[in-house]
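The values are calculated or read from the model by the stated rules, or taken from the named source; none is laboratory data. These figures come from a predicted structure and were not determined experimentally. Virtual Cβ from ideal backbone geometry, glycine too; neighbours counted across all protein chains shown. Accessible surface areas use protein heavy atoms only, side chains included; no ligands, DNA or RNA. Shrake-Rupley method; radii C 1.70, N 1.55, O 1.52, S 1.80 Å.
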Amino acid sequence: DPYNRFNDVMYRWISLDNWTYSRTFKTPFDVRKWQKVNLVFEGVDTVAHILLNNVTLGRTNNMFNRYSFDITSVIKEVNFIQVHFISAISYAAEQSRCHKAYSVPPACPPPVQKGECHANFIRKEQCSFSWDWGPSFPTQGIWKDVRIEAYNHYHLIYFSLIPFFVRRTQQWSLEIESIFNVVSSKPIAGLATVNIPKLQTQQTYSVKLQPGEGSIVLLVNINKNSTVEVWWPNGHGKQIGYNVTTTFIMEGGYQIEKISKAYFRTVELVQEPIPGSPGLSFYFKINGQPIFMKGSNWIPADSFQDRVTYDTLWLLLKSAADANMNALRIWGGGVYEQDDFYNICDELGIMIWQDFMFACALYPTDQDYLESVRAEVSHQIRRLKSHPSVILWSGNNENEAAIASNWFSIPRADREVYIKDYVMLYVKNIREIVLAEDKSRPFVVSSPSNGLESIKEGWLSENPYDTHYGDTHFYDYSSDCWNWSVYPKARFASEYGFQSWPSFSTLEKVSSTEDWSYTSNFSLHRQHHENGNDQMLQQIGYHFKLPQTTNPIKKFKDMIYLTQVMQAQCVKTETEFYRSSRSEIIKGEGHTMGALYWQLNDIWQAPSWSSLEYGGKWKLLHYFAQNFFAPLLPVAYESNGVLYIYGISDLHTDHKLILKATVSRQDDVYVFDLQTTAIAPFVTLDVGSIKGRFSENGFLMMEKKKVVIFYPWEHTSVEELEKSFTLMSLLDVA
């Protein structure tokens, strides 16, 4: 197991070497019958030279691109294919050396991460060179499907459906875009039919495909007599989708039928003035309804993507939904996730903040690099824009902040060079493509960012962490995390968190007896965040006693337990602070409309900010998240001798207290089983003129269920009690 003990370092030689994948295969069809034959790689990781029958097809240098090679004149009945990979580490170092005009920092990660250098010079999963929660495993290989496509006349490459709601006519429409490759030297005419049976909608269009690669856009107006059920985030409604059949019948009788699913929802990012506060709001409306985004940040679920199965994704994402989350941010140092990920999010109602894959670094902007990025961005947008779960494109992770806060100690005289590169990459290239490819979603250039204020300041704000604009990342490991006053009253908290260790059972699988100590070489090796273990001890020490046992394994297990208790309480306090700041402005700050803690999941078995361990086991934090992300939540804070109590609701309507009771007989007494949907003060039971007493009455009901005993002073029955029984609380008083 590459994750066992110190194998991440022991196996470093694998990523420093070059590897070749090769095989012989028979063509399963008669190649003479097809006008065009392509060899398609959905994902190549990363730098490779591809040959078929000793003929060079091309080269790859971007893990996030799809590559298609014309093999019509090369393919035979029996074939030999070779994919020669170059070490990603060596390639990145060479690209950095060739960039002689000026350095592009950072050169290397901090030593504590035990990682590789120049990750920003290769279009590859950035955290595969290491991160502060993950190992360095710069993989090489064919990480997605590879196939042969053979066709005559024309071929469908991309297909997408995007809904729009026209307010003027109060009607839904569906924009269907199909991108074809046409082999014919002449245009091909035909008919396209779109059928959505459940919405009684069917339309036919005359279409013409031009030679080469091009797109056809069909605008489908949904039948006004049909009621469209919209897609809602988790906790706000159902996730309804409609089957759509799109058929292309072209001259010559060639037909393509595409069966897909359409979801109807709108998304707006609202940035507007707030009375009593400088700056602008920053929140999302789904179907016209303001939604508080509750959730976390997603990192790759494994260093080896082929181990991430549908079941892996379902377990992790269902755990997010079960903890009342409605949103995840796919962080920009990982990968654009596989189709199954987004399909599951569509099904569960999990909104996705989608970063493009740039993180915590500056990047080159030479022509070859930009062309590769443009192809990557176009491919990923076309692949993902049909998913209702994707509600936002974001250019990068923390790169605006890196320049604004001068993380890399760039002399002021040289700053303009990097600002120019930043605008060139994220604004003039990525943003330009997003606006052209997808007009249905908002785009922000970076996270954190001041949103419209950053644009006003030339795309780079002086302080991207300004609480009056945009989103904020906040980490403070030295202050007492139970002290809510240290947290920023931000518009949107898109990153925050505290570390803990995974459970002993998770660590045990990849360690030995001598490793089971908080200060062992193994424990130090697994901690990739500078001073991370000491920071956890400091937080624990504010409120708990550190273990004193002389049994080393017991002491290690006790430490693990305390780190999880500490983490859960810290993130609970901070999250409840953000949720309680939703509807108030204090000293110009507030109207917080999002809380996405760092991080949901783990990439391996190590200390991190996650609430789900590698393998999916829930930490205490995730159990706490079920409560602090509940749709109805009471929160209390003390300040200067005053106790403030907040009632927090994510519901679209006022919540009515429901207090149902059932009566049963047990020997000589009667049992009243009470249930409530909310906290009920002064709950009072009464059975009219039937003589007797209750075991208690007029109480504060804080649990969902409670049992009260009735002691009769005379003969009665369940039927008589039910007939005479009334139940009341303070909330019933009109």
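Identify the residue in region 111-132 that is assigned to a loop (DSSP other than H, G, I, E, B) and closer than 23 Å to W501 by Cβ and, among all such residues, is most open to solvent (accessible area, probe 1.4 Å).
Initially, region 111-132 is screened for residues assigned to a loop (DSSP other than H, G, I, E, B), giving 114-118, 122, 124-125, 132.
Going one step further and asking which of them are closer than 23 Å to W501 by Cβ, we end up with 114-115, 132.
On the way: K114: 66, G115: 27, D132: 39 Å².
If we take residues in region 111-132 being assigned to a loop (DSSP other than H, G, I, E, B) and closer than 23 Å to W501 by Cβ, then K114 is most open to solvent (accessible area, probe 1.4 Å).
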Out of curiosity, is A595 under 28 Å from G470 (Cβ atoms), touching a strand residue (DSSP E or B) at 6+ places or on another chain (Cβ under 6 Å) and in the same structural domain as Y469 (by the TED database)? yes
Looking only at region 703-734, and only at residues there that are among the charged types (D, E, K, R) and in a loop (DSSP other than H, G, I, E, B), the one that is least open to solvent (accessible area, probe 1.4 Å): E714
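State whether one or more residues within region 445-454 are in a helix (DSSP H, G or I), free of Cβ contacts under 8 Å to residues at least 40 places away in the same chain and touching a Ser or Thr at 6+ places or on another chain (Cβ under 9 Å). Please lay out each step first, then the result.
Of region 445-454, the ones in a helix (DSSP H, G or I) are 452-454.
Going one step further and asking which of them are free of Cβ contacts under 8 Å to residues at least 40 places away in the same chain, we end up with none.
No; the residues of region 445-454 include none that is in a helix (DSSP H, G or I), free of Cβ contacts under 8 Å to residues at least 40 places away in the same chain and touching a Ser or Thr at 6+ places or on another chain (Cβ under 9 Å).
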Does region 559-568 contain any residue that is among the hydrophobic types (A, V, I, L, M, F, W, C), open to solvent by less than 10 Å² (accessible area, probe 1.4 Å) and under 22 Å from the mean Cα position of the chain (by Cα)? yes
Helices (runs of 4 or more DSSP H) fully within region 312-424 counting 3 or more residues that are crowded, with 19+ Cβ neighbours inside 10 Å: 339-348, 367-384, 399-404
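State all residues of region 681-702 that are within 19 Å of D732 (Cβ to Cβ) and of a type in the set (D, E, K, R); if no residue qualifies, say none. Walk me through how you get there before you give the answer.
Within region 681-702, the subset within 19 Å of D732 (Cβ to Cβ) is 681-688, 694, 696-702.
Passing the criteria: D686, E696.
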Return a yes/no flag: does region 254-268 have any residue that is in the same structural domain as L174 (by the TED database), modelled with pLDDT of 95 or more, β-branched (V, I, T) and open to solvent by 60 Å² or more (accessible area, probe 1.4 Å). no
From the option list K587, K557, single residue qualifying as outside the structural domain of E638 (by the TED database) and either more than 19 Å from L600 (Cβ to Cβ) or not acidic (D, E) (or both) is K557
Please list, ordered by first then second residue, the pairs with beta carbon atoms under 6 Å, 6 or more apart or interchain, first in region 32-49 and farther than 20 Å from P138 by Cβ, second open to solvent by less than 10 Å² (accessible area, probe 1.4 Å). V37/I71; L39/I71
Output the number of residues of region 145-162 satisfying the condition of being buried (at least 16 other Cβ atoms within 10 Å of the Cβ) and not in a strand (DSSP E or B). 1
Inside region 2-27, the number of residues satisfying the requirement of being at negative phi and in a loop (DSSP other than H, G, I, E, B) is 8
Which residue out of A119, A107 is farther than 19 Å from E337 by Cβ and touching a His at 6+ places or on another chain (Cβ under 7 Å)? A107
Residue that is least open to solvent (accessible area, probe 1.4 Å), among those in region 269-295 that are free of Cβ contacts under 8 Å to residues at least 24 places away in the same chain and part of a strand (DSSP E or B): V270
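Counting only residues that are hydroxyl-bearing (S, T, Y) and not in a helix (DSSP H, G or I), how many does region 549-589 have? Write out each step before concluding.
In the first step, residues of region 549-589 are kept if they are hydroxyl-bearing (S, T, Y); the result is 549-550, 561, 563, 573, 575, 578, 580-581, 583.
Imposing the further condition that a residue be not in a helix (DSSP H, G or I) reduces the set to 549-550, 581, 583.
The total comes to 4.
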Just checking, does region 300-314 include any residue being assigned by the TED database to the domain that holds R491, under 20 Å from T472 (Cβ atoms) and in contact (Cβ under 8 Å) with a residue 40 or more places away in the chain? no
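Identify, from the list Q626, Q605, the residue that is in the same structural domain as C481 (by the TED database), touching a residue at least 12 places away in the same chain (Cβ under 8 Å), surrounded by fewer than 20 Cβ atoms within 10 Å (Cβ to Cβ) and closer than 29 Å to H529 by Cβ. Steps first, answer last, please.
On the way: Q605 fails: surrounded by fewer than 20 Cβ atoms within 10 Å (Cβ to Cβ).
Going through Q626, Q605 in turn, the sole match is Q626.
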Read through the list (1) open to solvent by 20 Å² or more (accessible area, probe 1.4 Å); (2) under 18 Å from V112 (Cβ atoms); (3) among the polar types (S, T, N, Q), then give the number of the only condition that S512 fails. (2)
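Can you tell me which residue in region 608-623 is surrounded by the most Cβ atoms within 10 Å (Cβ to Cβ), limited to those that are under 20 Å from the mean Cα position of the chain (by Cα), more than 14 Å from A321 (Cα to Cα) and not acidic (D, E)? Write out each step before concluding.
Kept after step one, since they are under 20 Å from the mean Cα position of the chain (by Cα), are these residues of region 608-623: 608-619, 621-623.
Adding the requirement that they be more than 14 Å from A321 (Cα to Cα) leaves 608-610, 613-615, 617, 619, 621.
In the following step, the residues that additionally are not acidic (D, E) were identified as 608-610, 614-615, 617, 619, 621.
Details: S608: 31, W609: 26, S610: 27, Y614: 21, G615: 17, K617: 15, K619: 23, L621: 28.
The residue in question is S608.
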Taking region 634-669, which residues are within 30 Å of S717 (Cα to Cα), in contact with a helix residue (DSSP H, G or I) (Cβ under 6 Å, 6 or more places away or on another chain) and not aliphatic (A, V, I, L, M)? R665
Could you say which residue among T684, T677 is among the hydroxyl-bearing types (S, T, Y) and modelled with pLDDT under 95? T677
Of everything in region 69-93 that's without any contact (Cβ under 8 Å) to a residue 60 or more places away in the chain and within 33 Å of the chain's Cα centre (by Cα), which residue is farthest from L384 (Cα to Cα)? A93
Could you please find all residues in region 162-218 being out of contact with any strand residue (DSSP E or B) (no Cβ under 6 Å at 6 or more places or on another chain) and of a type in the set (D, E, K, R)? R167, R168, K186
Hey, which of the strands (runs of 3 or more DSSP E) in region 163-230, taking only ones fully inside, have at least 3 residues that are exposed (fewer than 15 other Cβ atoms within 10 Å of the Cβ)? 201-209, 212-221
Kindly indicate whether any position in region 662-672 is touching a residue at least 60 places away in the same chain (Cβ under 8 Å), within 31 Å of the chain's Cα centre (by Cα) and open to solvent by less than 80 Å² (accessible area, probe 1.4 Å). no
Going residue by residue through region 357-371, is there one that turns out to be within 27 Å of Y422 (Cβ to Cβ) and in contact with a Cys (Cβ under 6 Å, 6 or more places away or on another chain)? no
Yes/no for I142 being out of contact with any helix residue (DSSP H, G or I) (no Cβ under 7 Å at 6 or more places or on another chain), under 26 Å from D30 (Cβ atoms) and of a type in the set (A, V, I, L, M, F, W, C): no
I'm trying to understand the selection: among the residues of region 469-494, which are open to solvent by 40 Å² or more (accessible area, probe 1.4 Å) and assigned to a loop (DSSP other than H, G, I, E, B)? Y469, Y475, Y477, S478, D480, W482, N483
Give the number of residues within region 629-659 that are open to solvent by less than 50 Å² (accessible area, probe 1.4 Å) and acidic (D, E). 1
Residue in region 8-27 that is least open to solvent (accessible area, probe 1.4 Å), counting only those that are within 22 Å of E514 (Cβ to Cβ) and in contact with a strand residue (DSSP E or B) (Cβ under 9 Å, 6 or more places away or on another chain): D8
